[in-house]
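J.: First the structure, which I've put down as structure tokens, then a few questions once you've had a look.
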Amino acid sequence: MDKRNFFSTISHEIDWLLFFFILPIIVAGLVTMKSFTPLENAGDFFSRQVIWILVGFTVFFVFSFIDFRFLKRTDVLVFIFILNSIILLSLFISGYVSHGSKSWFDFGFFSFQPVDMMKLVLVLILAKYFSRRHVEIRNIKHIFISGCYAFIPFVLVLFQPDFGSAVIIFFIWLGMVLVSGISKTHLLAVFVIGLVIFASFWFAPYQKARIINFIHPLTDIHGSGYNAFQSTIAVGSGKVVGKGLGFGTQSRLKFLPEPQADFIFAAYSEEWGFVGSLLILCLYGLVIWRILYSATLGAHNFEILFGMGIAIFFMSHILINIGMNLGLLPVTGIPLPFMSYGGSHLLFEFAGLGILMSMKRYARSAHRDDIKNEFLGA
């Protein structure tokens, strides 16, 4: 790529609005971490997060320039899916336990959670499957076949046990089934299947405790319900405009667990209040809007469905994490995109967006209306 084409791609193909909507979310996360980490020995959370963000930006821009059309090949996607499934399976042998879940590989200088990669792979393989079968999607067999792709990682992750990531995998599949044009009758069947699956969690003691905490959050505030209780206190104490930067007592005095990760929204809300929380929600809404806009620019159904899948991926994380922080959903250990501390989720969030930007480069503008009509069945 010569210099002229390079700068032309940067200025026209990368969605700078999307990029600039993400920046203040990242800054909000960093500022929140910085406000309480000096009390640890640790500007560690802040400094490490800065490094991961820089790596994430690099991944985003590099992926934006790679031709990912090879991902449209079924054999390539199936190979990547099988490889990731094997990696998830190997966690039961060589993974290490963190917060009661054996879902990480520890390499000493950094840890890696492979389910983050599998979520992106699942979006890709479902986009490929439904893009080839959107005309006959009303045939219920395609719902069950696509469900098999989701069921394998779902089970592997659930038995780690990582309830939160298993739920995300389910929502990615459900969301992509819905946008693919499922009939109302089959939609009812999907919801019945979903209820049966989630009802089965009652027989797992670890998940049963979380469901009980969700229904009766104040029954054990010194034990299994402690996290949700402290999170709701932090959010509520922020009131309208917050306590101010560095004055969030729940996080600074260590009442709030994992304020840099799962409960960073609660730590942020305590310092910035309802106004700051509303601003973050608006920014997330704008990010989702730009992702969906980029999806509509896809050259084929595969690119359109991939973009929609990425939007579903982000929406699931945002809704579950914030719902958890507000005490509206069970505590599941799901990170908040671009805000929560951690490298694995950041890398694959930026990787997904980078692939989406790459796909924009091959959109066929002259035939876009025909493509949309084909996708919508017009």
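J.: Anything over 21 Å Cα to Cα? Flag those among K34/K243; K34/K119; K72/K360; K141/K360, in the order listed. Intermediate results must be reported in sequence, preceding the final value.
T.: Numbers: K34/K243 15 Å; K34/K119 30 Å; K72/K360 15 Å; K141/K360 31 Å.
Beyond 21 Å: K34/K119; K141/K360.
J.: Quick one: how many Å² of D162 are accessible to a 1.4 Å probe, rounded to 10?
T.: Accessible area, nearest 10 Å²: 10 Å².
J.: Could you please state how large a percent of the accessible area of region 53-174 is carbon and sulfur, counting protein chains only and using a 1.4 Å probe?
T.: Exposed carbon and sulfur together represent 72 percent of the surface.
J.: What FRET efficiency would be calculated for the residue pair D44, K239, taking the C-beta separation as r and a Förster radius of 22 Å, to the nearest 0.05?
T.: That gives a FRET efficiency of 0.15.
The values are calculated or read from the model by the stated rules, or taken from the named source; none is laboratory data. Bear in mind that the values here come from a model prediction, so they are computed numbers and not experimental data. Counting neighbours? That spans all protein chains shown, and the Cβs are built from the backbone with ideal geometry, glycine included. The accessibility values were calculated without ligands, DNA or RNA, using every heavy atom of the protein model including side chains. Shrake-Rupley method; radii C 1.70, N 1.55, O 1.52, S 1.80 Å.
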